[in-house]
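**Student:** Structure below; questions to follow.
The values are calculated or read from the model by the stated rules, or taken from the named source; none is laboratory data. These numbers were taken from a predicted model, which means no experiment stands behind them. Don't worry about glycine lacking a Cβ; one is built from the backbone with ideal geometry, like all the others, and counts go over all protein chains shown. These area figures cover heavy atoms from the full protein model, side chains too; ligands, DNA and RNA do not enter into them. Shrake-Rupley method; radii C 1.70, N 1.55, O 1.52, S 1.80 Å.
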Amino acid sequence: PPFPAQVVDVSYLDPAVTPAGAPPGSFSFAVLVSVDSGPPVTVTRISQPYAGLSVTSEPRPPFRTEAGSARKIVVTMHVTECGIVPENAGLPFLDVTLRNVRAMQVQSFILGPRYAQALTEGLRGACGNDSR
C-alpha cells in the first residue's frame, strides 16, 4: 500500500464558527481531508508551528477517513500569548500526523493564500493591538 502522505490531501475551505466554550482569543476555520486511494488513513494529530498558538479540531484526533472520501474538519486556533504570534502569516502550514497500515508520517500542508489571510485576520482579531 502507499504511504499515507502520498494519498492524503488537506485543503483550506473557509472560516468557521468557533465552537461554544472555546477560550477567549480563539478563531476557527474548516479544512477538507481527503484520501485518494489505498487503505483508510487515520489522522492522529493536527498541530502548527507558531509559538503562542495552540490547535484543537472537531472531530478530535484520532479519526479515520476511507479511500475515495473526504471529511470536513473544523480547526480552532487558540492564541495563548499575543506577544509571540506572527503579525503576518506568510506561508503558514498545518502539520498533520497520518497513519495507515504501511506507516505513520508527519506531513506539513501549505494551505495557500486564502488560509494565510484568514490566519492573519484571526490573529489580529484575537490580539488586537496587544500583539505589538
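**Student:** Identify all residues within segment 64-94 that are hydroxyl-bearing (Ser, Thr, Tyr) and surrounded by fewer than 17 Cβ atoms within 10 Å (Cβ to Cβ); write none if there are none. Give the steps one after another, and end with the answer.
**Tutor:** Quick first cut of segment 64-94, residues hydroxyl-bearing (Ser, Thr, Tyr) only: 65, 69, 76, 80.
If the condition is that a residue be hydroxyl-bearing (Ser, Thr, Tyr) and surrounded by fewer than 17 Cβ atoms within 10 Å (Cβ to Cβ), then SER69, THR80 are the ones that fit.
**Student:** Another question, then. Take the residues in segment 5-24 that are of a type in the set (Gly, Ala, Ser) and surrounded by fewer than 16 Cβ atoms within 10 Å (Cβ to Cβ); name whichever of them is nearest to ALA70 (Cα to Cα).
**Tutor:** Filtering segment 5-24 for residues of a type in the set (Gly, Ala, Ser) gives 5, 11, 16, 20-22.
Subset that is surrounded by fewer than 16 Cβ atoms within 10 Å (Cβ to Cβ): 11, 20-22.
On the way: SER11: 10, ALA20: 25, GLY21: 27, ALA22: 26 Å.
It comes out as SER11.
**Student:** Counting only residues that are at pLDDT below 95 and either in a strand (DSSP E or B) or open to solvent by less than 30 Å² (accessible area, probe 1.4 Å) (or both), which one in segment 25-50 is farthest from ARG102 (Cα to Cα)? Explain how you work it out, then say what you get.
**Tutor:** In the first step, residues of segment 25-50 are kept if they are at pLDDT below 95; the result is 25, 48-50.
This time we only want the ones that are either in a strand (DSSP E or B) or open to solvent by less than 30 Å² (accessible area, probe 1.4 Å) (or both), so: 25, 48.
Details: GLY25: 39, GLN48: 25 Å.
The extreme case among them is GLY25.
**Student:** Within the bounds of segment 37-60, is there any residue that is aromatic (Phe, Trp, Tyr), more than 18 Å from CYS127 (Cβ to Cβ) and more than 10 Å from the chain's Cα centre (by Cα)?
**Tutor:** Looking through segment 37-60, none of the residues is aromatic (Phe, Trp, Tyr), more than 18 Å from CYS127 (Cβ to Cβ) and more than 10 Å from the chain's Cα centre (by Cα).
**Student:** Sort out which residues of segment 4-24 are in a loop (DSSP other than H, G, I, E, B) and among the hydroxyl-bearing types (Ser, Thr, Tyr), and write them in order of number. Please lay out each step first, then the result.
**Tutor:** Step one: filter segment 4-24 for residues in a loop (DSSP other than H, G, I, E, B), giving 17-24.
If the condition is that a residue be in a loop (DSSP other than H, G, I, E, B) and among the hydroxyl-bearing types (Ser, Thr, Tyr), then THR18 is the only one that fits.
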